[in-house]
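Quick notes on the structure that follows.
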Amino acid sequence: MSGWAIPAAICLGLVAGVLSGVFGVGGGIIFVPTLLLLGLGQVEAAATSLLAVVPTAATGALRQRAYGNLRHRAALVIGAVSVVGAELGVQIATRLDEDVIRRAFGVLLVVVAARLALSARREPRRYPDVS
Amino acid sequence: MVARLALIGLVAGVFSTVFGVGGGIVVVPLLISFVGLPTHAAAATSLGAILVTATAGALLYAFRGDVRVGYALLIGIPAVAGALVGTQLQQRLSGRALTLAFSAFVAVIGVRLIL
């Protein structure tokens with residue numbers, strides 16, 4: 001590992017945390033490439049990323065709870081069922097062509113992004129929606 | 001309502017393993033459009049769901065010996081600091097601004113996956 005890798009990893013960790021807090025994602029999208037950069041293998045990077053997501057998501061969720069934004073029961077249901085979904089995903093992933101599904105998901109995300117941007121037009125410019 | 005939430009969880013779990021991106025990117029837009037949560041609440045609830053999923057996933061991998069705790073701390077500690085900044089920052093954004101920013105974020109990741 002070269003000398004700049006550790007400071008770079010710390011900076012990328014910070015960026016992942018900010019993205020997590022602002023957008024409500026875990027941060028794995030930054031963590032996994034960062035860990036690969038540090039020389040970990042694909043499986044180790046995925047596993048280690050999940051452990052790093054735990055304190056990151058916990059911090060964001062606790063802060064959001066204080067702001068009154070967290071819907072506890074919904075979070076529990078989604079989280080618990082997604083553990084089952086992950087197992088199903090493993091079965092699907094081993095049966096399909098990786099490049100095809102990756103691109104299909106990319107297209108789906110672009111469509112979702114466009115729909116969200118259109119729905120934002122209906123929202124007020126100021127802040128009343130989390131009161 | 002529980003059925004819809006369970007469906008979101010199922011979709012998030014499948015997508016996170018098949019595409020290698022976390023469930024959050026799927027959960028947030030689904031909570032907005034399918035359950036009708038405001039954007040801030042959707043992001044908050046997504047984090048709660050991810051906490052459950054990531055804890056289960058990390059434990060499973062840890063039993064198999066794949067987790068490197070030192071590396072997790074190296075990126076996880078700065079990420080905790082970042083998350084404090086991020087959630088604070090999010091509270092200053094209107095629902096509209098946050099939705100637009102999130103859609104830009106999702107679009108970038110979508111394009112990255114296509115290329």
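The values are calculated or read from the model by the stated rules, or taken from the named source; none is laboratory data. These numbers were taken from a predicted model, which means no experiment stands behind them. Please note: Cβ atoms are built from the backbone with ideal geometry, for glycine as well, and neighbour counts cover all protein chains shown. Only protein heavy atoms, including side chains, enter the accessible area calculation; ligands, DNA and RNA are left aside. Shrake-Rupley method; radii C 1.70, N 1.55, O 1.52, S 1.80 Å.
Taking a Cβ cut-off of under 15 Å around A:Ala80, the surrounding Lys, Arg, Asp and Glu residues balance to a net charge of +2, with basic ones at +1 and acidic ones at -1. Take every pair of alpha-carbon atoms less than 8 Å apart whose residues are at least six positions apart; their mean separation over the length of chain A yields a relative contact order of 17 percent.
At 37 °C and 0.692 mPa s, grab the translational diffusion coefficient of the protein assembly as shown from Stokes-Einstein with a Kirkwood Rh over Cα pairs, rounded to a whole number in µm² per second. Translational diffusion coefficient: 187 µm²/s.
By accessible area, using a 1.4 Å probe on protein heavy atoms only, chain B has 72% of its surface on carbon and sulfur. Rounded to the nearest 500, the helix-only mean residue ellipticity at 222 nm of chain A stands at -26000 deg cm²/dmol, with each DSSP H run of n ≥ 4 adding -39,500 (n - 2.57).
Model label points for A:Arg103 and B:Leu89, set 7 angstrom from Cα along the Cα-to-Cβ axis, are 3.4 nm apart. The residues of the stretch A:1-91 have, on average, 42 Å² of accessible surface per residue, using a 1.4 Å probe with all protein chains present. Computed with a 1.4 Å probe over protein heavy atoms only, the accessible surface of chain B comes to 40 Å² per residue.
Buried area at the A:B interface is about 7600 square angstrom, summed over both chains, from accessible surfaces computed with a 1.4 angstrom probe.
Among the chymotrypsin sites (Phe, Trp or Tyr not before Pro) in the stretch B:1-69, those located in a DSSP loop and surrounded by at most 15 other Cβ atoms within 10 Å of their own Cβ are B:Phe34. A run of chain B free of exposed loop cleavage sites, with trypsin sites (Lys or Arg not before Pro) counted only in DSSP states other than H, G, I, E and B and at most 11 other beta carbons within 10 Å, reaches its longest extent at B:1-63.
Dividing the helix sum by the residues of chain B, where each DSSP H run of 4 or more adds -39500 (n - 2.57), gives a mean residue ellipticity at 222 nm of -28500 deg cm²/dmol.
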